[in-house]
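Notes follow once the structure below has been shown.
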Amino acid sequence: MSDFTGAFNEISELLQKGRAKEIVPAVEKALSSGASPADILEKGLISGMSILGAKFKNGDVFVPEVLVAARAMNQASAALKPALKEAGVEPLGTAIIATVKGDLHDIGKNLVRMMVEGKGIEVVDLGIDVPKEKIVEAVKGSEAKVLLLSALLTTTMPAMKEAIEAVNAAGLRSKVKIMVGGAPVTQGFANDIGADAYSPDAAAAAEACAGFY
């Protein structure tokens, strides 16, 4: 059995550097050499994301680097998906993410989505300015265990409360854990509106989200 450590390290490093054009051939090469899709995901992509997440948390890398890495992660994941499916590798679970109604900010949401995906969780991204009805429908129509809500404006924070109330009213509250975050959001606010968790940054959000699976 060949040792693919070098290949996994290369994929991890390409991901951290955001080399989207180079990472797909590296993934394909590892596959054709006989590396298992699960190992490429775990020891290459998820490992790279964990390292990047830690650097981001420590302030060693910043939002632009993480967003570039997100693009590389998306392309590598797309290239790996058919092989993972064939090998019967299932994601840890599913989460839903959305920026609430009235809020058009998506950088924070995108960072969280990428960090959560880096934990091996499939993420359904509803986008920005998402009405509570759409959030309820998404929860109803999926097997998601976690709902992540983002707001970057104090004026849109009440929409988080409305979304949680709508999930309650639909009788779906026991189905999902609800996490909230965004610059103006606090632990106190999360407690007040009945959220299960609050995270101050993307890396912490991914840790907390993974803890629900």
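Remark: the chain carries 48 Å² of accessible area per residue (probe radius 1.4 Å; ligands, DNA and RNA excluded).
Using the Cβ-Cβ distance between L67 and L104 with R0 set to 25 Å, the FRET efficiency works out to roughly 0.90.
From the Kirkwood radius over Cα pairs of the stretch 56-213, Stokes-Einstein at 25 °C and 0.890 mPa s returns a whole-number translational diffusion coefficient of 155 µm²/s.
Using mean Cβ contacts within 10 Å as the protection proxy, how do 65-76, 124-135, 146-157 order, highest first?
146-157, 65-76, 124-135
The Kirkwood hydrodynamic radius of the stretch 122-213, based on inverse pair distances between different Cα atoms, is 13.2 Å.
Looking at A83, M179, A206, which one has the Cα that reaches farthest to the positive end of the dipole of the chain (charges on Cβ: Lys, Arg +1; Asp, Glu -1)? Result: M179, furthest along the dipole toward the positive end. In the chain, the DSSP-assigned H stretches of four residues or longer account for a calculated mean residue ellipticity at 222 nm of -16000 deg cm²/dmol, using -39500 (n - 2.57) per stretch and the full residue count as denominator. Shown here is the pair-distance distribution of the stretch 11-80: with all Cα-Cα distances grouped in 5 Å bins from zero up to the longest one, the shares run 4, 20, 31, 23, 13, 7, 3, 0 percent.
What a 1.4 Å probe finds exposed on the chain is 53% carbon and sulfur by accessible area, rounded to a whole percent. The charge dipole of the chain, taken about its Cα centre with unit charges on the Cβ atoms of Lys, Arg (+1), Asp and Glu (-1) only, comes to about 180 debye.
Computed over the alpha carbons of the stretch 1-140, Rg followed by Dmax gives 15.9, 54 Å.
The values are calculated or read from the model by the stated rules, or taken from the named source; none is laboratory data. Note that the structure is a prediction, hence the values are computed from the model and not measured. Neighbour counts run over all protein chains shown; Cβ positions are idealised from the backbone, glycine included. When the accessible area is computed, the model is the full protein with side chains, heavy atoms only, and any ligands, DNA or RNA have been set aside. Shrake-Rupley method; radii C 1.70, N 1.55, O 1.52, S 1.80 Å.
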